[in-house]
1. Top mean-square fluctuation among 101, 35, 26, Gaussian network model of the chain, C-alpha springs under 10 Å?
2. Using the count of nearby Cβ atoms within 10 Å as a rough guide to exposure, how do 175, 91, 204 rank from fewest to most?
3. Pick from 18, 95, 164 the residue whose mean-square fluctuation is largest in a GNM of the chain, springs joining Cα atoms under 10 Å.
4. Calculate the length of the line joining the C-alpha centroid of the stretch 1-37 to that of the stretch 147-222, in whole Å.
5. Taking only DSSP H segments of four or more residues, each worth -39500 (n - 2.57), what value at 222 nm results for the chain once the sum is divided by all its residues, to the nearest 500 deg cm²/dmol?
6. Looking at the chain as a GNM with Cα springs under 10 Å, which of 180, 216, 32 has the largest mean-square fluctuation?
7. If I model a spin label as a point 7 Å beyond the Cα along the Cα-Cβ vector, how far apart are those points for residue 104 and residue 6 in nm?
8. Subtract the Cα-Cα distance of residue 74 and residue 35 from 0.36 nm times their separation in residues, and report this length gain in nm to one decimal.
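Every number in this text was worked out from the coordinates using simple rules, so none of it is lab data. Everything numeric here is computed off the predicted structure, so don't read it as measured data. A quick note on method: Cβ atoms are made from the backbone with ideal geometry, for glycine too, and the neighbour counts reach across all protein chains shown.
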Ligand SMILES: [Zn+2]
């Protein structure tokens, strides 16, 4: 039986503060080609306005390199592929407000409404991708030129097969999910049961998962990273 736990908006509200010092940390653009970590956008919504490179916090990139080095001990052809990282806080707010407009008349309880929307798109104030600490990632086999079998396509939310625990995938896929999760967690990333590919470091989900008082990063707008 599947045994997933989904972090709720209410859970993330318990992390009220972020560390102002660690939040000063710079962002890094992931290389398109590299021995260890590659960043290749695979997002249905068009998020390419900052060019084709994915941005993450510097510490996140350093941790991903360590993850990839550990993976190479298992198979030298393995790398980490990141298909999504930083999202502009303005976009997060825009998408959130679009759904809010659609559903607001159906709810009388505000928290209930926020929980409902949060399942579709994170409430901006607690969202992970706009901090630069969250990544959507998988293991890539450079020799076979493809992502390992994880039982469902990365970023495919259309069925419950995106949940970490699901009965409908092969043993091989289960093994690969476990490998990815264990190796990411060994470098301090927090997993998310609702999407096998989503991991974070330093955001509110991470702080909640590891029982920290504060997050390390706050959400930022793209203008802080990408000077025009
Ligand atoms: Zn994600």
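1. The residue with the greatest mean-square fluctuation here is 101.
2. On the way: 175 13, 91 18, 204 33.
By the 10 Å Cβ count, ascending: 175, 91, 204.
3. Among 18, 95, 164, the largest GNM mean-square fluctuation belongs to 95.
4. Cα centres, the stretch 1-37 to the stretch 147-222: 10 Å.
5. Values: 7 runs with 71 residues, N = 228.
Calculated from helices alone, the mean residue ellipticity at 222 nm is -9000 deg cm²/dmol.
6. 32
7. With each label placed 7 Å out from Cα toward Cβ, I get 2.4 nm.
8. Numbers: separation 39, 0.36 × 39 = 14.04 nm, distance 1.49 nm.
This chain segment gains 12.6 nm when fully extended.
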